[in-house]
1. Find the lysine pairs in the chain meeting two conditions, Cα atoms under 19 Å apart and a separation of 8 or more places or different chains, and report how many there are.
2. When DSSP assigns beta bridges and you keep just the ones with both residues in the chain, what percent turn out antiparallel, to the nearest 5?
3. Return the calculated 222 nm mean residue ellipticity for the chain, to the nearest 500 deg cm²/dmol, obtained by summing -39500 (n - 2.57) across DSSP H runs with n ≥ 4 and dividing by the residue count.
4. Using 0.36 nm per residue of separation minus the Cα-Cα distance, give me the extension gain between residue 96 and residue 160 in nm, one decimal.
5. Is the shape of the range 75-116 rounded, prolate or oblate, going by the alpha carbon gyration tensor and its root eigenvalues a ≥ b ≥ c, with a/c under 1.5 for rounded and a/b larger than b/c for prolate?
6. Please list the equivalent ellipsoid semi-axes of the range 86-144, computed as the square roots of five times the alpha-carbon gyration tensor eigenvalues, in descending order and whole angstrom.
7. Within the P(r) computed for the chain, what percentage of the Cα pairs occupies the region above 30 Å?
8. Within the chain, what whole-number % of the accessible surface is contributed by carbon and sulfur, with the 1.4 Å probe and all protein chains included in the calculation?
Amino acid sequence: MLAVLRLGHRVERDKRLTSHVALVARAFGADKMYYTGDKDQNVELTVMKVCKRWGGSFETEYIGSWRKLLEAWKGSVVHLTMYGLPLKSVIYEIRRVHAENKKLLVVVGGEKVEPEVYHLADYNVSVTNQPHSEAAALAVFLDWLFQGAELERTFPDAEIHIVPSAKGKIVQRRSRLIQT
Ligand code: SAM
(Lines give C-alpha, C1' and ligand atoms only; values in the text may rest on other atoms or scores of the structure.)
Protein backbone atom coordinates (compact mmCIF):
# COMPACT_ATOMS: atom_id res chain seq x y z
CA MET A 1 0.00 0.00 0.00
CA LEU A 2 1.38 3.36 -0.98
CA ALA A 3 -0.78 6.26 0.13
CA VAL A 4 -0.44 10.02 -0.16
CA LEU A 5 -1.62 12.45 2.49
CA ARG A 6 -2.36 15.94 1.21
CA LEU A 7 -2.56 18.45 4.08
CA GLY A 8 -4.70 21.55 4.38
CA HIS A 9 -6.93 21.52 1.28
CA ARG A 10 -8.86 24.77 0.78
CA VAL A 11 -12.00 24.48 -1.39
CA GLU A 12 -11.61 27.72 -3.29
CA ARG A 13 -7.85 28.11 -3.59
CA ASP A 14 -6.76 24.49 -4.06
CA LYS A 15 -9.51 22.81 -6.04
CA ARG A 16 -7.34 22.15 -9.09
CA LEU A 17 -4.09 21.58 -7.22
CA THR A 18 -5.48 18.92 -4.87
CA SER A 19 -7.07 17.12 -7.85
CA HIS A 20 -3.68 17.30 -9.56
CA VAL A 21 -1.97 15.82 -6.50
CA ALA A 22 -4.48 12.94 -6.60
CA LEU A 23 -4.03 12.39 -10.35
CA VAL A 24 -0.25 12.46 -10.04
CA ALA A 25 -0.46 10.01 -7.12
CA ARG A 26 -2.65 7.65 -9.19
CA ALA A 27 -0.65 7.90 -12.41
CA PHE A 28 2.72 7.52 -10.66
CA GLY A 29 1.91 4.42 -8.65
CA ALA A 30 0.09 5.31 -5.40
CA ASP A 31 -3.07 3.46 -4.32
CA LYS A 32 -4.86 6.14 -2.36
CA MET A 33 -4.92 9.81 -1.37
CA TYR A 34 -6.05 10.99 2.05
CA TYR A 35 -6.63 14.70 2.45
CA THR A 36 -7.28 17.10 5.32
CA GLY A 37 -8.55 20.68 5.47
CA ASP A 38 -11.88 21.32 3.75
CA LYS A 39 -13.88 18.32 2.61
CA ASP A 40 -14.47 18.78 -1.12
CA GLN A 41 -16.96 16.77 -3.16
CA ASN A 42 -15.55 18.21 -6.40
CA VAL A 43 -12.07 16.79 -5.83
CA GLU A 44 -13.53 13.39 -4.95
CA LEU A 45 -15.85 13.41 -8.00
CA THR A 46 -13.07 14.47 -10.37
CA VAL A 47 -10.85 11.61 -9.24
CA MET A 48 -13.72 9.12 -9.31
CA LYS A 49 -14.58 10.10 -12.90
CA VAL A 50 -10.96 9.71 -13.98
CA CYS A 51 -10.79 6.24 -12.39
CA LYS A 52 -14.01 5.18 -14.09
CA ARG A 53 -12.71 6.19 -17.53
CA TRP A 54 -9.02 5.41 -17.16
CA GLY A 55 -9.22 2.36 -14.90
CA GLY A 56 -7.70 1.18 -11.65
CA SER A 57 -8.97 1.38 -8.11
CA PHE A 58 -7.37 4.56 -6.77
CA GLU A 59 -9.30 5.98 -3.81
CA THR A 60 -9.66 9.40 -2.23
CA GLU A 61 -10.61 9.79 1.43
CA TYR A 62 -11.16 12.88 3.54
CA ILE A 63 -9.87 12.61 7.10
CA GLY A 64 -10.47 14.99 9.99
CA SER A 65 -7.09 14.56 11.67
CA TRP A 66 -3.67 14.08 10.05
CA ARG A 67 -2.22 13.48 13.52
CA LYS A 68 -4.40 10.41 14.08
CA LEU A 69 -3.44 8.98 10.68
CA LEU A 70 0.29 9.58 11.21
CA GLU A 71 0.20 8.08 14.68
CA ALA A 72 -1.79 5.03 13.60
CA TRP A 73 0.12 4.40 10.34
CA LYS A 74 1.79 0.96 10.44
CA GLY A 75 4.57 1.67 8.00
CA SER A 76 6.98 4.41 7.01
CA VAL A 77 6.10 8.08 6.64
CA VAL A 78 7.91 10.33 4.16
CA HIS A 79 7.20 14.05 4.34
CA LEU A 80 8.14 16.05 1.26
CA THR A 81 9.47 19.48 2.15
CA MET A 82 12.07 21.80 0.75
CA TYR A 83 13.68 21.81 4.24
CA GLY A 84 14.31 18.06 4.28
CA LEU A 85 17.29 15.91 3.38
CA PRO A 86 18.10 15.74 -0.34
CA LEU A 87 16.14 13.04 -2.18
CA LYS A 88 19.29 11.48 -3.59
CA SER A 89 20.77 10.97 -0.11
CA VAL A 90 17.81 9.04 1.35
CA ILE A 91 16.03 7.34 -1.55
CA TYR A 92 18.08 4.12 -1.34
CA GLU A 93 17.12 3.63 2.29
CA ILE A 94 13.46 4.51 1.64
CA ARG A 95 13.34 2.01 -1.24
CA ARG A 96 14.80 -0.68 1.00
CA VAL A 97 12.36 0.04 3.83
CA HIS A 98 9.44 0.14 1.40
CA ALA A 99 10.47 -3.21 -0.11
CA GLU A 100 10.50 -4.68 3.40
CA ASN A 101 7.32 -3.38 4.99
CA LYS A 102 5.32 -2.48 1.84
CA LYS A 103 3.43 0.33 3.57
CA LEU A 104 4.42 3.87 2.81
CA LEU A 105 2.66 7.17 3.42
CA VAL A 106 3.92 10.19 1.49
CA VAL A 107 2.86 13.50 3.01
CA VAL A 108 2.65 16.71 1.01
CA GLY A 109 1.78 20.03 2.55
CA GLY A 110 -0.31 23.01 1.76
CA GLU A 111 0.37 26.60 2.70
CA LYS A 112 1.59 25.92 6.23
CA VAL A 113 2.75 22.63 7.71
CA GLU A 114 2.67 22.12 11.49
CA PRO A 115 6.11 21.43 13.05
CA GLU A 116 4.72 18.19 14.51
CA VAL A 117 4.49 16.70 11.00
CA TYR A 118 8.28 17.02 10.70
CA HIS A 119 8.68 15.08 13.95
CA LEU A 120 6.12 12.38 13.22
CA ALA A 121 7.62 11.68 9.78
CA ASP A 122 10.36 9.04 9.50
CA TYR A 123 11.96 10.98 6.66
CA ASN A 124 11.72 14.66 5.72
CA VAL A 125 12.79 14.73 2.08
CA SER A 126 13.51 17.63 -0.24
CA VAL A 127 13.20 17.58 -4.00
CA THR A 128 15.65 20.45 -4.45
CA ASN A 129 15.80 23.04 -1.66
CA GLN A 130 13.72 25.48 -3.67
CA PRO A 131 10.00 26.12 -3.14
CA HIS A 132 7.83 24.69 -5.91
CA SER A 133 4.72 22.53 -5.89
CA GLU A 134 3.27 19.54 -4.04
CA ALA A 135 2.32 17.90 -7.34
CA ALA A 136 5.83 18.30 -8.77
CA ALA A 137 7.54 17.12 -5.57
CA LEU A 138 5.27 14.07 -5.44
CA ALA A 139 5.88 13.15 -9.10
CA VAL A 140 9.64 13.33 -8.76
CA PHE A 141 9.64 11.42 -5.47
CA LEU A 142 7.47 8.57 -6.83
CA ASP A 143 9.54 8.39 -9.99
CA TRP A 144 12.72 7.98 -7.95
CA LEU A 145 11.05 5.50 -5.63
CA PHE A 146 9.85 3.28 -8.48
CA GLN A 147 12.88 4.00 -10.66
CA GLY A 148 10.74 4.65 -13.74
CA ALA A 149 8.75 1.39 -13.51
CA GLU A 150 5.58 3.42 -12.88
CA LEU A 151 5.84 4.90 -16.38
CA GLU A 152 4.75 1.54 -17.82
CA ARG A 153 1.95 0.94 -15.36
CA THR A 154 -1.37 -0.21 -16.83
CA PHE A 155 -4.78 0.23 -15.20
CA PRO A 156 -7.35 -2.59 -15.17
CA ASP A 157 -10.93 -2.08 -16.37
CA ALA A 158 -10.21 1.13 -18.25
CA GLU A 159 -12.96 2.33 -20.60
CA ILE A 160 -10.38 4.16 -22.60
CA HIS A 161 -6.69 3.99 -23.26
CA ILE A 162 -4.20 5.75 -25.45
CA VAL A 163 -2.23 4.06 -28.18
CA PRO A 164 1.03 5.99 -28.17
CA SER A 165 1.77 7.64 -31.48
CA ALA A 166 4.40 9.99 -32.83
CA LYS A 167 1.76 12.36 -34.21
CA GLY A 168 -1.98 12.84 -33.71
CA LYS A 169 -4.18 11.07 -31.19
CA ILE A 170 -5.10 7.40 -31.17
CA VAL A 171 -7.56 6.39 -28.51
CA GLN A 172 -8.83 2.89 -27.87
CA ARG A 173 -12.33 2.76 -26.38
CA ARG A 174 -12.82 -0.77 -25.06
CA SER A 175 -13.23 -2.48 -28.47
CA ARG A 176 -13.31 0.52 -30.80
CA LEU A 177 -10.24 2.28 -32.20
CA ILE A 178 -10.65 6.01 -32.80
CA GLN A 179 -8.00 7.84 -34.79
CA THR A 180 -7.91 11.64 -35.22
N1 SAM B 1 7.33 25.90 2.74
C2 SAM B 1 6.99 24.73 1.99
C3 SAM B 1 7.87 23.49 2.20
O4 SAM B 1 8.00 23.11 3.35
O5 SAM B 1 8.30 22.80 1.26
C6 SAM B 1 6.63 25.08 0.54
C7 SAM B 1 5.13 25.14 0.44
S8 SAM B 1 4.54 24.46 -1.02
C9 SAM B 1 3.40 25.69 -1.52
C10 SAM B 1 3.45 23.18 -0.56
C11 SAM B 1 4.06 21.80 -0.48
O12 SAM B 1 4.77 21.47 -1.68
C13 SAM B 1 5.05 21.59 0.63
O14 SAM B 1 4.42 21.40 1.86
C15 SAM B 1 5.77 20.34 0.15
O16 SAM B 1 5.06 19.15 0.45
C17 SAM B 1 5.80 20.54 -1.36
N18 SAM B 1 7.08 21.10 -1.81
C19 SAM B 1 7.29 22.32 -2.34
N20 SAM B 1 8.58 22.49 -2.65
C21 SAM B 1 9.21 21.35 -2.31
C22 SAM B 1 10.55 20.89 -2.40
N23 SAM B 1 11.52 21.65 -2.89
N24 SAM B 1 10.84 19.66 -1.97
C25 SAM B 1 9.87 18.85 -1.48
N26 SAM B 1 8.58 19.23 -1.37
C27 SAM B 1 8.26 20.44 -1.78
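1. 17
2. On the way: 7 of 31 bridges.
Given both bridge residues lie in the chain, the antiparallel proportion sits at roughly 25 percent.
3. Details: 6 runs with 72 residues, N = 180.
One gets -12500 deg cm²/dmol as the mean residue ellipticity at 222 nm.
4. Details: separation 64, 0.36 × 64 = 23.04 nm, distance 3.48 nm.
In short, 19.6 nm is gained.
5. Verdict is oblate for the range 75-116.
6. 19, 15, 10
7. On the way: 3261 of 16110 pairs.
The calculated P(r) of the chain puts 20 percent of pairs beyond 30 Å.
8. Numbers: 5620 of 10380 Å².
Carbon and sulfur atoms account for 54 percent of the accessible area of the chain.
The values are calculated or read from the model by the stated rules, or taken from the named source; none is laboratory data. A quick note: this is a predicted structure, and the numbers were derived from the prediction, not measured. In this analysis, Cβ positions are derived from the backbone assuming ideal geometry, glycine residues included, and neighbour counts consider all displayed protein chains. All accessible areas refer to the heavy atoms of the entire protein, side chains included, with ligands and DNA or RNA removed. Shrake-Rupley method; radii C 1.70, N 1.55, O 1.52, S 1.80 Å.
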